[in-house]
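Nothing in this text is a laboratory measurement; each read-out follows from the coordinates by a stated rule. These numbers were taken from a predicted model, which means no experiment stands behind them. Note that we place each Cβ from the backbone using ideal geometry, even for glycine, and neighbour counts take in every protein chain shown.
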Amino acid sequence: MVKRKKSGELIIDSKELTFQDEEKEKSAAELVIANTELAFQNNEKEKRAAELSIANKELAFQNNEKEKRAAELSIANIELAYQNDEKEKRAAELTIANKELAFQNQVKEKQAEELVIANKELAFQNKEKEKRGAELSIANKELAFQNNEKEKRAAELSIANIELAFQNDEKEKRAAELVIANKELVFQNDEKEKRAAELVIANKELAFQNDEKEKRAAELIIANKELAFQNKEKEKRAAELIIANKELAFQNEEKENRAAELFIANKELVFQNEEKEKRAAELIILSEALMAQKEELRSANEELHEKAQLLQRQEEKLIRTNDDLLGLNQHLEKRVLDRTSELENLNHELKALSLSKDKFLSVISHDLRNPLTALLIASDELNRNIENHIFDNIQAFAKIIHRTSHNILQQLNELVDWAKTQQEKTTLNPERLHLVGAVNQSFELLKANATQKNIVLENKVPFDIYLKADALMLRSILQNLVTNAIKFSSQGGLVTVVARRIDKMVEVCIIDSGIGMEANISENLFMKSNTATVSGTNNEKGSGLGLIFVKDFVTQNGGTLRVESEIGKGTCIFFTIPEY
């Protein structure tokens, strides 16, 4: 009976062991399925990460394309502005040619009128000559008649003597009149020859003016053709600009689409991470259930010790696998965090590039305004002089316009080079600069502005001072400060630039004799929040950005700024730059 009882218990234990083995195999199969599903999710996650990397590369490529298009658009705008300037120059030349042609026509008409008067006077003199000839012929006939009478009267001596004496007196009078008539005839002949010579000269001058008129007409035709060609070129450039704008808009839309896809991919990655965490939690629960079954098997039958050890080794392997998966998850999470940080850095760089672009456009619009204003002043003065037929100063104004245009082109090229350095992250390019030459260059650009207000520009910088600074930034600093000094100076004022060495630095001062400013204004003059503008003494307008550029450029070159001003007595603005 005891033996049967033990046999029954053994059978029960065997069934229970078999059931536990089946449960173990099911758990192991579920674990294999869970691992397979986890591996699949990891593969999907890697695919998503690869797609995210491709999307990021494509986004970077589109941003580069956008920058290229923006650069092309900027070049197209510059070229269009240049063509407009050329068109305005041609139009101005055409206007001058038309005025000159009208003036020549007026001169020609005056000369034609003088020629008509000369012809009338010559005809009158010819008629007077004919009259004098007729009078001379009558006088000769009368003299012959008197000689005949004299012979007849010779017989009558006494009467003849008296009559002869009288006739001799008359003869002498007639001879004197004849001499006078001959002299007058000679004089009229000389006058006639002079008039004929003047008529020949006038005809030659008229022919020359007709030739000049034909040349001017030919030049006018060529100018009109060139103007029509430039208009066509302008229309082509405008069409290209429209196409570039459309392409830029399309790229922006593509960029937004890519950003939306990237946002969706990030959401999907977050969802996969959450699913992964759920699977990991299920795996932990499954591991805990296996450990419980292990304890039950150990207490049920010591004979299954070897199987229990095998199960333990499998559990250790599973734990190592779980640890590997956990490490892989941590690695993937780190990669996601690193990629997120890279995207944030990329966004910061894009914002910095956008700010740099805005700053570049502001520098162009502000720094080019002053020389363009000088060019406009000179061209307006030249136009007024031509309209008033004042040609004495044309060459001087033409030289000013040519020199200012050349300086504007040079300045524009420097701004484009500076923009390239901005894109290459090299915002500062210090070099050895001669301060006297830099000040003279700024004076040359602003000479027309000063001349309009009869302001004297005075350079008192020592010749032997050299600076270590960025050339474009130094020119912008000087140009903005001298422009403000002219702007706030009255008619007939004085603007002076001086400099001195202080502890391996050079302190430069721009002094004006203008209206000055109050202390609360001078203290906040270079603050970025202070963008309010004040009109000049001739109601000159400004953008309020010039002094902000000055503050930024001086700081980048390692210098400082300060202001001394008094109402009604002028202003002194000091800035320092390292000495070379």
Worksheet entry | Inter-probe distance in nm under a simple model that places probes 7 Å from Cα toward Cβ, at Leu73 and Ser535 | 3.5 nm
Worksheet item: Which aspartates and glutamates does Lys87 reach when only Cα atoms under 17 Å apart count, and residues fewer than 8 places away in its own chain are ignored?
Response: Glu79, Glu219, Glu226, Glu233, Glu235, Asp380
Worksheet item: Applying the Karplus parametrisation 6.51 cos²θ - 1.76 cosθ + 1.60 with θ = phi - 60° to the phi angles of the stretch 323-332, what ³J(HN,Hα) value in whole Hz is obtained for each residue in order, glycine and proline being reported as x?
Response: 4, 4, 5, 5, x, 5, 4, 4, 4, 5
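Around Val186, what is the net charge, scoring Lys/Arg as +1 and Asp/Glu as -1 over all other residues with Cβ under 12 Å from its Cβ? Don't skip to the end; give the middle numbers.
Working: positive: Lys129, Arg132, Lys183, Lys192; negative: Glu184, Asp190, Glu191, Glu193.
The answer is 0.
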Worksheet entry | Net length gained if the chain between Asn189 and Lys232 were fully extended (0.36 nm per residue, minus Cα distance) | 9.1 nm
Worksheet, complete the sentence: Working note, the stretch 169-296: Cα radius of gyration (Å, one decimal) and Dmax (Å, whole number) are 53.8, 184
Fill in: Residue-wise HN-Hα coupling along the stretch 116-132, computed from phi with Karplus coefficients 6.51, -1.76, 1.60 (Hz; x: Gly, Pro)
4, 4, 4, 5, 4, 5, 5, 5, 4, 5, 4, 5, 4, 5, 4, 4, 4
Practice prompt. Provide Rg over Rh for the stretch 132-171; use the alpha carbon set for both Rg and the Kirkwood Rh (inverse mean inverse pair distance).
Written response: 1.09
Worksheet item: Taking amide hydrogens as modeled 1.01 Å from N in the peptide plane, which residues meet the under 5 Å criterion relative to Met505, leaving out close sequence neighbours?
Response: Glu579
Fill in: q = 0.21 Å⁻¹, the stretch 438-578: log10 I(q)/I(0) [Debye, one scatterer per Cα]
-1.46
Worksheet entry | Cα convex hull of the stretch 83-147 - mean projected area over all directions, nm² | 4.6 nm²
Response to the item:
Net charge near Glu113 (other residues with Cβ under 13 Å of its Cβ; Lys, Arg +1; Asp, Glu -1) is 0
Fill in: HN-Hα J in Hz across the stretch 466-473 - Karplus 6.51, -1.76, 1.60, θ = phi - 60°, x for Gly and Pro
10, 10, 10, 7, 6, 4, 5, 5
Item to complete: For the stretch 256-273 and the stretch 546-577, compute the distance between their C-alpha centroids and round to whole Å.
Response: 50 Å
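Report Rg/Rh for the stretch 39-168, rounded to two decimals, where Rg is the Cα radius of gyration and Rh the Kirkwood radius. Write down the numbers at each step before the final one.
Numbers: Rg = 52.8 Å, Rh = 26.3 Å.
My calculation puts Rg/Rh at 2.01.
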Response to the item:
Net charge near Ile511 (other residues with Cβ under 15 Å of its Cβ; Lys, Arg +1; Asp, Glu -1) is 0
Worksheet item: Which pairs in the list Lys99/Lys215; Lys66/Lys232; Lys127/Lys192 are over 19 Å apart, alpha-carbon to alpha-carbon?
Response: Lys66/Lys232
